[in-house]
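Novice: First the structure, which I've put down as structure tokens, then a few questions once you've had a look.
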Amino acid sequence: MFRPRRNLVMVFSQEMAVSLHMFFVFYPIDVLLLDEKFRVVEIKENFRPFTIWNSKKKGKYLIELGLEESKGKVKIGDKVEIV
């Protein structure tokens, strides 16, 4: 919140359903939810400011794609490498 656009990775202690809000984030982002093997299990595209999202799947990693060059290049089932 209150930061410039950037990509962000969140790591959870175990796989879980995720609830996110976009309060005080003033630009849309895409969200990737990954399982413990780094496979994409859910994608939330165009997550708009001042909205809430609840995942339908469980994940261990969550990636927020705030940078435009990162968007639209991943699909469900893809394996993501985090460096």
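Novice: Of all residues being under 16 Å from LEU8 (Cα atoms) and of a type in the set (A, V, I, L, M, F, W, C) in segment 33-52, which is surrounded by the fewest Cβ atoms within 10 Å (Cβ to Cβ)? Just the residue, please.
Specialist: So the residue we want is PHE38.
Novice: Here's something else I'd like to know. Using beta carbons and a limit of 8 Å, which pairs, at least six apart or on different chains, have the first residue in segment 1-22 and closer than 18 Å to ILE82 by Cβ and the second one at pLDDT 85 or above and not in a strand (DSSP E or B)?
Specialist: GLU15/ASP35; GLU15/GLU36
Novice: Right, next: Cβ-Cβ distance below 9 Å, separation of 6 or more or different chains: which pairs start in segment 60-82 with a residue that is surrounded by 10 or more Cβ atoms within 10 Å (Cβ to Cβ) and end on one that is modelled with pLDDT under 90 and of a type in the set (Phe, Trp, Tyr)?
Specialist: Every condition considered, the pairs that remain are GLY66/TYR27.
Novice: Mind checking whether some residue in segment 8-22 is closer than 16 Å to LYS75 by Cα and assigned to a loop (DSSP other than H, G, I, E, B)?
Specialist: Checked segment 8-22: no residue is closer than 16 Å to LYS75 by Cα and assigned to a loop (DSSP other than H, G, I, E, B).
The values are calculated or read from the model by the stated rules, or taken from the named source; none is laboratory data. The model shown is predicted, which means the values in this text are computed figures rather than measured ones. For neighbour counting, all protein chains shown are included, and Cβ atoms are generated from backbone atoms with ideal geometry for every residue, glycine included.
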